[in-house]
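Colleague: Here you go, one structure.
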Amino acid sequence: MTNRSTAMAGLSWADIWGRRLDRHGLSAPMRDGRPADAVAAMCGAHAQVLSAAEVSIGLRVVGLTRNDVRYALWEERSLVKTFGPRGTVHLLPTHELPLWTGALGALPSSSNSMPADARLTPEQTHEVVAAIAEALADTELTVDELTAAVATRTGPWATDPVVPGFGSMRPRWQQAIHLAAHRGVLCFGPNRGRKVTYTSPRRWLPGFRPTPAADALAGLVRRYLHAYGPATPQQFAQWLSAPRRWAAELFDSLADQLQQVEVAGAVAWVLAGDTAPAPVPAHGVRLLPYFDAYTVGCHPRERLFPAAAAQRALSGGQAGNYPVLLVDGTVAGIWHQRRSGRKLDITVELLTTLTIDEHRELADQVKRIGEILESEPRLTMGKIAVGGHL
């Protein structure tokens with residue numbers, strides 16, 4: 001059982017929002033920070049939309065621009081683009097890749113919704129992952145090139161078009177692409193024109209190998225609770241897309257490292273001893289992009305998306321599909337950007353009334369996003385007709 005040896009501490013929601021904003025670099029952006037520092041603080045930056053990841057990172061580091069993020073990713077290689085939590089594309093700190101792959105590679109296997117005759121067998125999965133590792137060891141390959149390389153090493157069955165995706169059927173081996181990343185044999189390489197490439201993370205981090213599972217999972221829980229706590233095992237499971245029972249058992253196995261706290265009559269977990277209130281109260285106006293880590297990782301949803309925000313800024317209960325306006329740590333609107341050359345039109349739809357000072361902070365945020373994206377921004381207030389990101 002989780003540690004109950006001391007009287008249960010309590011935290012208010014004002015404290016919790018203040019702690020999370022501070023630890024994410026959203027109360028005050030990091031000074032002299034690097035892109036990898038910001039990404040580590042938020043436990044990975046969602047990068048399905050790379051420009052959104054650039055904004056997420058830039059908001060958390062003073063003076064950072066998208067070119068700084070791209071340099072860290074493709075030149076300095078202090079960031080790596082790979083499949084992270086929930087099997088979604090993330091930027092992760094390269095030096096933390098052993099921990100991430102050790103933890104993600106240890107997650108219980110998820111159920112496969114594919115028809116039985118289309119699924120990879122366990123033996124085929126092992127064969128495909130081994131083939132990917134060999135094919136990418138010292139090169140970058142497009143998906144078509146990797147398909148050919150995998151088929152050469154496994155057999156034509158690997159290229160059977162049985163996996164639905166974006167209006168076409170993809171080859172059978174691609175069922176294992178997320179697993180290959182989680183086992184540390186695949187990450188993204190630089191685009192070749194408009195084509196995505198894959199390569200080996202060992203080219204980013206020589207001598208790389210995943211951290212042993214028990215140590216990696218413990219390290220990931222510690223990082224998650226530092227950034228998003230107090231939290232429950234169920235919320236951790238949702239963040240990873242892992243089974244709830246497995247997450248509860250993992251938290252129990254770390255009982256000597258965790259502590260329960262009381263939050264508005266409910267019980268949640270923090271790292272042992274991490275019960276101090278926020279260094280400063282939750283404050284400030286922030287414009288967070290699609291799938292920002294704060295929006296996706298913070299719980300409970302009904303607190304983060306109060307009242308009208310739950311109807312307007314969630315998509316079927318899922319967070320991140322809309323860029324959001326934060327006021328004092330909770331969602332108070334949505335926004336949309338449209339770029340034309342160097343011009344960047346930002347429209348903000350308010351779900352609450354802002355003070356004069358908050359309107360001033362909003363204008364500063366628009367200016368900052370323009371700096372990050374190296375564009376000339378213009379703010380408009382009004383209703384947004386564009387739907388959420390799929």
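The values are calculated or read from the model by the stated rules, or taken from the named source; none is laboratory data. This is a predicted model, so every value here is computed, not measured. All Cβ positions, even for glycine, are placed from backbone atoms using ideal geometry, and neighbour counts span all protein chains on display.
Colleague: Looking at the stretch 353-385, which of the residues that are in contact with a Pro (Cβ under 9 Å, 6 or more places away or on another chain) and within 24 Å of A319 (Cβ to Cβ) is surrounded by the most Cβ atoms within 10 Å (Cβ to Cβ)?
Modeller: Looking at residues that are in contact with a Pro (Cβ under 9 Å, 6 or more places away or on another chain) and within 24 Å of A319 (Cβ to Cβ), I get I369.
Colleague: Then there's this: Identify, by number, the condition in (1) touching a Lys or Arg at 6+ places or on another chain (Cβ under 9 Å); (2) modelled with pLDDT under 95 that C187 doesn't meet.
Modeller: (2)
Colleague: Scan T330, T347, T355 and give me the residue that is modelled with pLDDT of 95 or more, in contact with a strand residue (DSSP E or B) (Cβ under 7 Å, 6 or more places away or on another chain) and closer than 18 Å to V285 by Cβ.
Modeller: Answer to the check: T347.
Colleague: Being surrounded by fewer than 21 Cβ atoms within 10 Å (Cβ to Cβ), in contact with a helix residue (DSSP H, G or I) (Cβ under 9 Å, 6 or more places away or on another chain), in contact (Cβ under 8 Å) with a residue 60 or more places away in the chain and not in a helix (DSSP H, G or I) is the requirement here; does R209 meet it?
Modeller: In short, yes.
Colleague: Being of a type outside the set (S, T, Y), at pLDDT 95 or above, more than 23 Å from E371 (Cβ to Cβ) and crowded, with 16+ Cβ neighbours inside 10 Å, is that true of even one residue in the stretch 36-45?
Modeller: Taking every residue of the stretch 36-45 in turn, at least one turns out to be of a type outside the set (S, T, Y), at pLDDT 95 or above, more than 23 Å from E371 (Cβ to Cβ) and crowded, with 16+ Cβ neighbours inside 10 Å.
Colleague: Against the conditions (1) assigned to a helix (DSSP H, G or I); (2) hydroxyl-bearing (S, T, Y); (3) out of contact with any Pro (no Cβ under 8 Å at 6 or more places or on another chain); (4) within 18 Å of F188 (Cβ to Cβ), where does T139 fall short? Just the number, please.
Modeller: Failed condition: (1).
Colleague: Let me ask another. Within the stretch 46-92, which residues are basic (K, R) and not in a strand (DSSP E or B)? Outline the logic, then answer.
Modeller: The first filter runs over the stretch 46-92 and keeps only residues basic (K, R), leaving 60, 66, 70, 77, 81, 86.
The answer is R60, R66, R70, R77, R86.
Colleague: Shifting gears a bit: Checking the structure you have, find out if any residue of the stretch 271-280 is out of contact with any Cys (no Cβ under 9 Å at 6 or more places or on another chain), surrounded by 19 or more Cβ atoms within 10 Å (Cβ to Cβ) and not small (G, A, S).
Modeller: no
Colleague: List the helices (runs of 4 or more DSSP H) inside the stretch 287-390, counting only whole elements, that have at least 3 residues being in contact (Cβ under 8 Å) with a residue 12 or more places away in the chain and not aliphatic (A, V, I, L, M). Please lay out each step first, then the result.
Modeller: Details: elements: 293-297, 301-304, 308-313, 356-372.
Fully inside the stretch 287-390 and qualifying: 293-297, 356-372.
Colleague: State which residue pairs qualify: first residue in a helix (DSSP H, G or I) and inside the stretch 143-155, second residue crowded, with 18+ Cβ neighbours inside 10 Å and not aliphatic (A, V, I, L, M) in any location, beta carbons under 6 Å apart, and separation of 6 or more residues or different chains.
Modeller: That search, which allows pairs on different chains as well, returns L146/Y198; T147/P171; V150/W173; T154/E127.
Colleague: Right, another one. Mind listing just one residue for me: the one in the stretch 233-245 that is out of contact with any helix residue (DSSP H, G or I) (no Cβ under 7 Å at 6 or more places or on another chain) and farther than 20 Å from G18 by Cβ and, of those, surrounded by the fewest Cβ atoms within 10 Å (Cβ to Cβ)?
Modeller: R245
Colleague: If we keep just the residues of the stretch 171-205 that are under 22 Å from A47 (Cα atoms) and among the basic types (K, R), which is surrounded by the fewest Cβ atoms within 10 Å (Cβ to Cβ)? Working first, answer last.
Modeller: The first filter runs over the stretch 171-205 and keeps only residues under 22 Å from A47 (Cα atoms), leaving 174-205.
Applying the additional criterion that residues be among the basic types (K, R) yields 183, 192, 194-195, 202-203.
Values: R183: 19, R192: 12, R194: 5, K195: 11, R202: 18, R203: 17.
Per the criteria, the residue is R194.
Colleague: Does G33 satisfy being farther than 30 Å from G165 by Cβ, outside any helix (DSSP H, G or I) and in contact with a strand residue (DSSP E or B) (Cβ under 6 Å, 6 or more places away or on another chain)? If you could, list the steps in order and put the result at the bottom.
Modeller: Numbers: farther than 30 Å from G165 by Cβ: yes; outside any helix (DSSP H, G or I): yes; in contact with a strand residue (DSSP E or B) (Cβ under 6 Å, 6 or more places away or on another chain): yes.
Answer is yes for this residue.
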